[in-house]
Structure formats: structure tokens, C-alpha cells
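Take a look at the structure below.
The values are calculated or read from the model by the stated rules, or taken from the named source; none is laboratory data. Remember, predicted model here, so these are calculated numbers, not experimental data. FYI the Cβ positions are ideal-geometry reconstructions off the backbone, even for glycines, and counts take in every protein chain you see.
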Amino acid sequence: MNQNSEIYDLIVVGGGASGMMASGVAGEKGRKGLLIEKNKNLGEKLKITGGGRCNITNADYDLHAFLAHYGKAKDFLYSPFSQFGVKETFNFFEFRGLPLVVQARNRVFPKTEKAFDVFRVLEKYVRENKVKVLTGKPVTGIITKDKKIMAVRCGKEEYCARRFIFATGGLAHPETGSTGDGFKWLQKLGHTVLKPTPTIVPLSVKERWVKNLSGVSLSFMKITFFLDGKKQFSKTGKILFTHFGLSGPLILNLAGKVGDLLHSGVVTAKIDAYPDTDLGSLDKKITNILNLHKNKTMRKAMKSIAPNGMDGAILSLLNQNLSPEVKVHSITKEKRKEIARILNALPVTITGLMGYDRAVVADGGVPLTEVDTKTMRSKIIDNLYLTGDLLHINRPSGGYSLQLCWTSGFVAGSQG
């Protein structure tokens, strides 16, 4: 083995959002730092987050309300989020020339709506604070002594430091290098690692009509879930239809609850395309539209009845009882009412949750009882600190995952 003669104040393993933040902060405080990344480039997952737009945080400045989104973890997070929270995130990026904007549901994006611009700010922050960066260097071993890490091994090279930060991420988006390496190391070091499950993921469905709508996104729809035919819960929001099923913010944030139902029986759902209109009013609306199109075919009239882009799907659901080419003036009262019933309760059968490859966030990792969250230091390895997705923290989409990265990275990088 070739042991590098330098002894760093800090080695950060993982060049994603929290790793870049941690190493940059340490460098800014005058620490001699090394950032090791297995990919050829830093920030691969960050560059694609939020569909390439990068939902940096959520603009809720009430700490108690903000932390409520982290479920059972919230009681462990008051200290780190008091050190670096939403306000500090705004200040960090805007001070470095990246204006932020608040959009629907308080989600915060760079004004340019380009994730790459967020990456550029962080990469510059790392470089300007004289952090040494090694890319294309997978860590292949951890060398320990007396409950401390002495060095990390990258092939034939060993790199020594006084402190280490693991910022390797979880299992979401494995194509970006998030393959759970950190979990394996942590288990060998004596940490408990709770099995991860993809928690913010799309739903796969059985029905062809859903898949035929791939790419259609509607901002105001109500979906009601049933377990073995019994109603469980309803939510209203944005739904994205895909070639495998359902996605979008509403669906992603319900995936965990739906996953629990799938363990207990057959899960179905009904989508109300007009949640603010009762069945009677919807029937009247359809009647008025049909009267205006009485000499046209149902194929043409349906474009004015169904939500944007859904006319073909609605016709396919009605096709057994209603030909798309039938003239509107020949539509019976009962068939008209059937259109209203379909729009009020579009049928869906949930076949499962999509996997890690489509997950926005996977939970699992080290329980917070094994971490001093005031510093993000491991309670098992004295000079090891943990950040981001290595921690077992459930949270919804909407900026909460990246805020956890900024916060845990800042706190871990500030120590020593």
C-alpha cells in the first residue's frame, strides 16, 4: 500500500450535496480538507434533482412547522437546523450570486430553474476554499484503530485524516453512484443500518388507459385509495401520468402510505378529475357542452368535456357502451350520466411501488439514536460524522431532502 504522506484535518467521502457543503465549510474555516468522489465528476445526483430544476429547500421559516415534515426524527433535528436552516440556505446561495424563487407549496428553486447552477455554486465553494478533490476514486476500504478511523483506502492508495465525514448518499438514483456503499462500511464499523425502502416513488398500475396518458400532468385532481374495496384516504393535488403508472408531487408523497396498504390486500384507487364539482353539477356541465356540440361526434365533443389531454382515455373507458364516432344528439341520458360517473371516479388498480431507480428518496440508514445530531458525530466511531441520506429520516418531497443535506453537511463540516 502507498500511504499518502499528508495527514488531512478532514476527509469527506462523497461529493454530492452534503459532501460538497461539508468540505467547503471546513475549508472556509481553515481546515486542510480532502474530498473523495467515486464518480468522474462531483454532484451527479444534484445535477438531475427536481427534474433538473433543483428544489433547494422549502420556504417555511417556522422551525417547528418545518421539522414536523421529518416525522419521528424531528426531535433530533432542532439543534442542527437551528445552526443552519432555511434562512441560512437562502443566504448561502444568494450571497454567492444565485437568486432563489419561491413557487407553489413553498418550494424554492434557483431563479434560473437549473440544477447545474446550484452545482456550480457548490463546486466553486469547494475549490475556492482550497479543498483537494479526488474524483474517479472509489473507497475500497476503511482502516480503524481504537474506535477511530485512521485512513481510507482507494485501491493501492491510503489517505489519512484526523476526522472523516461519510456523505455517500443512500440508494435512490443508483445510476448516479448512490449504491449504498456507506451503509456497508457503517455496518462493519458497528453501526445499526436499518433496511432502506424507496419511500418517495411513483406507483405502478394495471390499467392501460393510465399508461396511454404518459406525459399528461394535471394540477388539481383528487385520488381516493381503497383496501379490499374499503375507503382508506383521499388527497387532492398534482398527478403526472406515466408509461408505468402515476407520479407527480401528490403521488410521490403518498407512496409510503400506499406501500403499507399493499402489504395488507388489494389496493385500488379512484381519480376524480373534477374534485370541486359534485356529480349533479358535473352532469349539468356535460349536458350544456353536449348541447353546444349536438351535431358533432363524441370524439370531438369529449375534448371540451375531459381535462386537457384526457379525452382519448375517457373515450377508451366508455368505448364498450359508447362509440367515439356516434353523434352527440343521439346520446341518451343514461350514457351522459355514465360520462359524469367516469370523470368522477376513474378506476385504477395499484400493482406496486417503483424501485430505487425511480425513487426521489430512499429511507433507511443509521438511526439517529446512534448519532449526536448537535455535531452529526457518530456515537460509535469517535472521529466519524454522517450526513444526508446515510441517516434514517423519512421526509416528503418539496425541498426537505436537500435542506437536510445542506444542514447536516454544514454542521458536520463545522466541527474540529
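Look at (1) at negative phi; (2) at pLDDT 90 or above; (3) not polar (S, T, N, Q) and you find that G229 fails only one, number (1). For the stretch 89-103, the criterion of being under 19 Å from the mean Cα position of the chain (by Cα), over 30 Å from K156 (Cβ atoms) and in contact (Cβ under 8 Å) with a residue 60 or more places away in the chain is satisfied by at least one residue.
Within the stretch 1-40, the set of residues being within 26 Å of V201 (Cα to Cα) and assigned to a loop (DSSP other than H, G, I, E, B) comprises G14, G15, G16, K38, N39.
Suppose the filter is buried (at least 16 other Cβ atoms within 10 Å of the Cβ), assigned to a strand (DSSP E or B) and in the same structural domain as M310 (by TED's automatic domain parsing); does K231 pass it?
Details: buried (at least 16 other Cβ atoms within 10 Å of the Cβ): no; assigned to a strand (DSSP E or B): yes; in the same structural domain as M310 (by TED's automatic domain parsing): yes.
No; evaluated as a whole, the condition is false for this residue.
Sub-6 Å Cβ pairs linking a first residue in the stretch 46-62 that is touching a residue at least 40 places away in the same chain (Cβ under 8 Å) to a second residue that is surrounded by fewer than 17 Cβ atoms within 10 Å (Cβ to Cβ) and of a type outside the set (K, R), at least 6 apart or interchain, are K47/F116; R53/E113; N58/N106; A59/V102; A59/N106; D60/N106, ordered by first then second residue.
Entry remark, the stretch 303-352: residues being basic (K, R) and under 35 Å from the mean Cα position of the chain (by Cα) number 2 in total.
The one condition from (1) within 30 Å of I142 (Cβ to Cβ); (2) of a type in the set (A, V, I, L, M); (3) surrounded by 18 or more Cβ atoms within 10 Å (Cβ to Cβ) that V258 does not meet is (1). Within the stretch 293-341, the set of residues being assigned to a helix (DSSP H, G or I) and among the aliphatic types (A, V, I, L, M) comprises M298, A301, M302, I305, A313, I314, L315, L317, L318, V328, I339, A340. Within the stretch 235-281, the set of residues being farther than 17 Å from T349 by Cβ and not in a helix (DSSP H, G or I) comprises K235, T236, G237, K238, L240, G248, A273, Y274, P275, D276, T277, D278. Selection over the stretch 19-39 of residues that are more than 20 Å from D117 (Cβ to Cβ) and at pLDDT below 95 gives a count of 1. Of everything in the stretch 276-302 that's closer than 22 Å to I239 by Cβ and surrounded by 14 or more Cβ atoms within 10 Å (Cβ to Cβ), which residue is nearest to the chain's Cα centre (by Cα)? Per the criteria, the residue is T277.
Comparison of K132, K74, K111 shows that the only residue that is touching a Leu at 6+ places or on another chain (Cβ under 8 Å), exposed (fewer than 14 other Cβ atoms within 10 Å of the Cβ) and not hydrophobic (A, V, I, L, M, F, W, C) is K111.
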